[in-house]
């Protein structure tokens, strides 16, 4: 019996080009101020690479002011395209840098307490970003004792392209596979949170939100 498949409810991510000066400045600042001189992620395991600590978020570092302005202008474009009319503004709430040396990778994760997140690809052509979600046909949720990883997720493998930025839903699971180059793979990432008036402006009174 013949049949056809109909793809529905696609997940969209947004790609922007980063000005060259911001790419160069970010790499230079990370090196000049030795911001990556920190332990590896997850119990200092050598294969996980490094991220700058959250208590020193880069969006509060004046050396990255122009990066913040650029990112938040892109967030405005995304909000406009998505018709976000229930929050006034999306602001960066956390921003950090990541470095993967040869054969290092990053485990699958998502970002809680954030609306959309982003990745700025600064250096390196290896180490694909894997975006994944559960296959709704899989039975693992009905029978939690049953697990078969190859059928658990729908996966898109995105090749890093230095000088580009992706913006995506924060609850979209993502990971990074091995960096197969001798050159370090360098990215910056960010989370966002609403600021200003929130609520349906058509028929509900809003309330104020502010990032502290």
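Any read-out appearing in this document is the output of simple, stated calculations on the displayed coordinates, not a laboratory observation. A quick note: this is a predicted structure, and the numbers were derived from the prediction, not measured. In this analysis, Cβ positions are derived from the backbone assuming ideal geometry, glycine residues included, and neighbour counts consider all displayed protein chains.
Modelled this way, with points 7 Å down the Cα-to-C-beta line, the labels at residue 63 and residue 181 are 2.2 nm from one another.
Only Cα pairs within less than 10 Å get springs; with that Gaussian network setup on the chain, which residue of 32, 45, 60 has the largest fluctuation? Most flexible of the set in this elastic network: 32. Computed log10 I(q)/I(0) for the chain at 0.14, 0.16, 0.18 Å⁻¹: -0.93, -1.15, -1.35, from the Debye equation with unit scatterers placed on every C-alpha and solvent omitted. Build a GNM of the chain with springs between Cα atoms under 10 Å apart, and of 24, 11, 38 the one that fluctuates most is 11. Across 86, 14, 137, mean-square fluctuation computed from a Gaussian network of the chain (C-alpha pairs under 10 Å connected) peaks at 137. The stretch between residue 24 and residue 107 holds 27.2 nm of extra length on full extension. This uses 0.36 nm per residue minus the Cα-Cα distance. Calculated mean residue ellipticity, 222 nm, the chain: -5500 deg cm²/dmol, from DSSP H runs (n ≥ 4) at -39500 (n - 2.57) each, averaged per residue and rounded to 500.
Quote the relative contact order of the chain in percent (integer), defining contacts as alpha-carbon pairs under 8 Å separated by 6+ residues.
On the way: 407 pairs, mean separation 59.7, N = 212.
In percent, rounded to a whole number, it is 28.
With neighbours defined as other Cβ atoms within 10 Å of a residue's Cβ, the residues 175, 100 order from fewest to most as 175, 100.
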